[in-house]
2 protein chains.
Amino acid sequence: MDYNVNEWNHVFKLDPNKHLSDSSLKKVCESGTDAVIIGGTDGITYENVVALLMRVQAYEIPCVLEVSAIHAISPEFDGYFIPMVFNSKEKRFMLDVQHEAVKQFGDFIDWSDMLVEGYCVMNEQAKVFQATNCTLPDQEDVIAYARMAEHMFHLPIFYIEYSGRYGDVNLVRETAEQLHDTMLFYGGGIRSAAEAKQMKEHADVIVVGDILYENIQAALETVQACKE
Amino acid sequence: MDYNVNEWNHVFKLDPNKHLSDSSLKKVCESGTDAVIIGGTDGITYENVVALLMRVQAYEIPCVLEVSAIHAISPEFDGYFIPMVFNSKEKRFMLDVQHEAVKQFGDFIDWSDMLVEGYCVMNEQAKVFQATNCTLPDQEDVIAYARMAEHMFHLPIFYIEYSGRYGDVNLVRETAEQLHDTMLFYGGGIRSAAEAKQMKEHADVIVVGDILYENIQAALETVQACKE
């Protein structure tokens, strides 16, 4: 592991199922962001994950896989983020899929490259909300999940994911106040430097995704906004 | 917290729903065991938990509550073990009950007194197996759960519970080999010093329960067997 999540401020999340031109990818990788996360919900295959990884590997930036499907795991990543969906109704998105992966690959895993994310999906319209059969938590629920992530499971990351929609700043602030050792990631609907900056006041790391595919210049401006 | 689980070898588990005479309780608390855990599956009430706690508090020994029902939590214990049942089919025994407790008591919890146990219930006939809607894991499953407990959730305790039946020594040994920072607790069916000693060769901590209510002398002999 040649990166330290605790020093991150900003990451870009690339979807293997969406297209980014070579020139845009170059801008992303040389933007000053702390890492590229590869992850998505729909149409994730081993082939499109590895193809995107190889393009990112042309640059110096750490490239992390957010594991959503066992069949798409390649051993070439700099790290692996394992989502544990706190607000799913089903145990399999908390533990069983992960258990299957550990059964299969347990002997080969370098555990220092594998970070569990306590995931909270906050947007009922999001594909990931439906795909992982979530219930919508209120602010009290999220705060209790955050406390569990830090104190009971000692997770490196607690991730509030609004997935496509800009989230509730107050909820992010209240959650941030609960976390000391666990890093708070915020993702969802960031489309400008101002929005990135507003969420960065509370979250440790801002995840920027969709806007990359809509307005690359606006996406790039979020990097500097998080570093100030 | 005035005890250190990492230094334990042997504990007695007392069931608030079963009767132990004052003289037997005195022998238990002065036996040299490292702690008394209060826990059970059936007939757990606030009243019988607190009544048993008060009797144990007459002695120097640490007294820990293994939390199975929110309504039976008293703030007077030296510590709280929170079971997270890895092989339950239902998320609620992994996380939702715990989440409810953190929502209710989160502001008052001293997290250093609260230890999460990664629990694996290995006896299909046991009440706890049925009560938490478990599936029976094989050895590979248990090993993968143990690795997750240590590397993904950084749990202080991984607990193999055969609940009333003496377990598979080979499985306990293979599991122990996976664990370095997480302590391995073994419980189930220990009725003699020889059995305690055999499991102690692999597990860090031996939990002795049922035999207390059947043969107090045999129960007491397990303490010394674990200290040798």
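Observations
- Only one of the numbered conditions (1) touching a helix residue (DSSP H, G or I) at 6+ places or on another chain (Cβ under 8 Å); (2) not in a strand (DSSP E or B) is not met by A:LEU52, and that is (1).
- Region B:25-34: number of residues that are open to solvent by 20 Å² or more (accessible area, probe 1.4 Å) and at negative phi: 5
- Residue identified as crowded, with 16+ Cβ neighbours inside 10 Å and at pLDDT below 95 among A:VAL67, A:VAL56: A:VAL67
- Close contacts from region A:154-172, counting a first residue that is closer than 16 Å to A:ASN4 by Cα and a second that is assigned to a helix (DSSP H, G or I) and open to solvent by 40 Å² or more (accessible area, probe 1.4 Å), with Cβ to Cβ under 7 Å and a gap of 6+ residues or different chains, come to none at all.
- A single entry from A:ILE206, A:ILE190 fulfils the requirement of being in a loop (DSSP other than H, G, I, E, B) and among the β-branched types (Val, Ile, Thr): A:ILE190.
- Boolean, A:GLN130 is more than 14 Å from chain B (Cβ to nearest Cβ) and in contact (Cβ under 8 Å) with a residue 40 or more places away in the chain: no
- Residue tally, condition β-branched (Val, Ile, Thr) and assigned to a loop (DSSP other than H, G, I, E, B), over region B:118-133: 1
- Checking the stated criteria, B:THR222 turns out not to satisfy the condition of being among the hydroxyl-bearing types (Ser, Thr, Tyr) and within 14 Å of chain A (Cβ to nearest Cβ).
- Enumeration of residues in region A:35-48 that are part of a loop (DSSP other than H, G, I, E, B) and either out of contact with any helix residue (DSSP H, G or I) (no Cβ under 8 Å at 6 or more places or on another chain) or within 13 Å of A:TYR59 (Cβ to Cβ) (or both): A:GLY39, A:GLY40, A:GLY43
- Selection of first residues in region B:179-199 that are over 14 Å from B:VAL223 (Cα atoms) and of second residues that are open to solvent by 20 Å² or more (accessible area, probe 1.4 Å) and hydroxyl-bearing (Ser, Thr, Tyr), restricted to Cβ pairs under 6 Å at least 6 apart or on distinct chains, gives the following pairs, ordered by first then second residue: B:GLY188/B:SER163; B:GLY189/B:TYR166.
Residue by residue, here is whether (1) within 23 Å of A:ASN4 (Cα to Cα); (2) within 8 Å of another protein chain (Cβ to nearest Cβ); (3) open to solvent by 40 Å² or more (accessible area, probe 1.4 Å); (4) modelled with pLDDT of 90 or more holds:
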position	(1), (2), (3), (4)
A:GLY79	yes, no, no, yes
A:LYS89	no, yes, yes, yes
A:MET94	no, yes, no, no
A:ALA101	no, no, no, no
A:ASP107	no, no, yes, no
A:GLY118	yes, no, no, yes
A:MET122	no, no, no, yes
A:GLN125	no, no, yes, yes
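- Residue among A:LEU115, A:LEU136 that alone is touching a residue at least 40 places away in the same chain (Cβ under 8 Å), among the aliphatic types (A, V, I, L, M) and not in a strand (DSSP E or B): A:LEU136
- Residue list for region B:143-178, restricted to those being within 16 Å of B:ASP204 (Cβ to Cβ) and assigned to a helix (DSSP H, G or I): B:ALA146, B:ALA149, B:GLU150, B:VAL169, B:LEU171, B:VAL172, B:ARG173, B:GLU174, B:THR175, B:ALA176
- A single member of B:HIS151, B:HIS202 is in contact with a helix residue (DSSP H, G or I) (Cβ under 9 Å, 6 or more places away or on another chain), open to solvent by 20 Å² or more (accessible area, probe 1.4 Å) and within 14 Å of another protein chain (Cβ to nearest Cβ), and it is B:HIS151.
- With respect to the conditions (1) open to solvent by 30 Å² or more (accessible area, probe 1.4 Å); (2) of a type in the set (A, V, I, L, M, F, W, C); (3) touching a residue at least 24 places away in the same chain (Cβ under 8 Å); (4) within 13 Å of chain B (Cβ to nearest Cβ), A:ILE73 lacks only one, and its number is (4).
The values are calculated or read from the model by the stated rules, or taken from the named source; none is laboratory data. Keep in mind the model is a prediction, meaning the values are calculated, not measured. Every residue, glycine among them, receives a Cβ derived from its backbone with ideal geometry; neighbour counts consider all protein chains shown. Heavy atoms of the whole protein, side chains included, go into the accessibility calculation; ligands, DNA and RNA do not. Shrake-Rupley method; radii C 1.70, N 1.55, O 1.52, S 1.80 Å.
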